[in-house]
Amino acid sequence: MTLETLDLEARAHSTHAQELRLWLRLLTCSQLIEKRVRAGLREQFDTTLPRFDLMAQLERHPEGLKMKELSHRLMVTGGNVTGITDQLVAEGLVERVAVDGDRRAFLVRLTPTGRTGFERMAAQHEQWIVEAFDGLSAKDLDSLHKLLGKVKQHQKALG
């Protein structure tokens with residue numbers, strides 16, 4: 001067995017609490033799906049997940065977002081956002097637009113070419129996610145969604 005075949009879930013033993021085993025299964029599933037999405041973005045669109053995520057934020061805000069807001073939404077440093085933005089500007093997929101009344105601030109927004117490219121990527125991304133859950137029935141999907149919703153609400157209540 002190689003290190004690659006060992007996932008987080010394999011670290012759990014029957015002596016561990018069921019909650020721990022469930023947590024590790026959730027992480028493993030998330031990592032496996034993300035790995036497939038990353039590979040697909042790289043192979044089919046010659047892009048990365050961070051670039052896709054930045055473009056997804058901009059797609060939701062056609063008027064554009066300031067760099068600081070992008071950094072906050074993506075939960076990464078400003079330097080990471082600047083590097084990705086610079087690449088996307090160079091490729092003509094996003095543009096920086098000056099903010100009226102603030103000489104130091106810029107809005108970043110998708111160009112028409114960027115929007116078209118992102119729409120193609122987003123449609124394929126959605127298909128990969130749908131395929132990730134193909135093994136579940138509609139009832140299973142609904143139950144899993146509701147159960148994870150309860151976990152989410154409990155975590156919010158805990159603060």
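Restricting to DSSP H runs of at least four residues, report the calculated mean residue ellipticity at 222 nm for the chain, -39500 (n - 2.57) per run over all residues, nearest 500 deg cm²/dmol.
The helix-only estimate for the chain comes to -22000 deg cm²/dmol at 222 nm.
What do you get for Rg/Rh of the chain when both radii come from the Cα atoms and Rh is the Kirkwood radius?
The Rg/Rh ratio comes out at 1.05.
Give K66/K146; K68/K150; K35/K146; K68/K139; K66/K139 a once-over and call out the pairs whose C-alpha atoms are over 30 Å from each other.
Where the Cα-Cα span goes over 30 Å, the pairs concerned are K66/K146; K68/K150; K68/K139; K66/K139.
Excluding ligands, DNA and RNA, what is the solvent-accessible area per residue of region 17-159 at a probe of 1.4 Å, expressed in Å²?
Accessible surface, normalised per residue, equals 70 Å².
Could you point to the residue in H72, A56, S137 farthest towards the positive end of the chain's charge dipole, with +1 and -1 charges on the Cβ of Lys/Arg and Asp/Glu respectively?
H72
Give the whole-number value, in cubic angstrom per residue, of the convex hull volume spanned by the C-alpha atoms of region 48-123.
85 Å³
Between I129 and A39, what is the label-point separation in nm under the 7 Å Cα-to-beta-carbon projection?
It works out to 2.0 nm between the two label points.
The values are calculated or read from the model by the stated rules, or taken from the named source; none is laboratory data. Bear in mind the structure is a predicted one, so any value in this text is a computation, not a measurement. Cβ: placed from backbone, ideal geometry, glycine included. Neighbour counts: every protein chain shown. Side chains included, ligands, DNA and RNA excluded: accessible areas come from the protein's heavy atoms. Shrake-Rupley method; radii C 1.70, N 1.55, O 1.52, S 1.80 Å.
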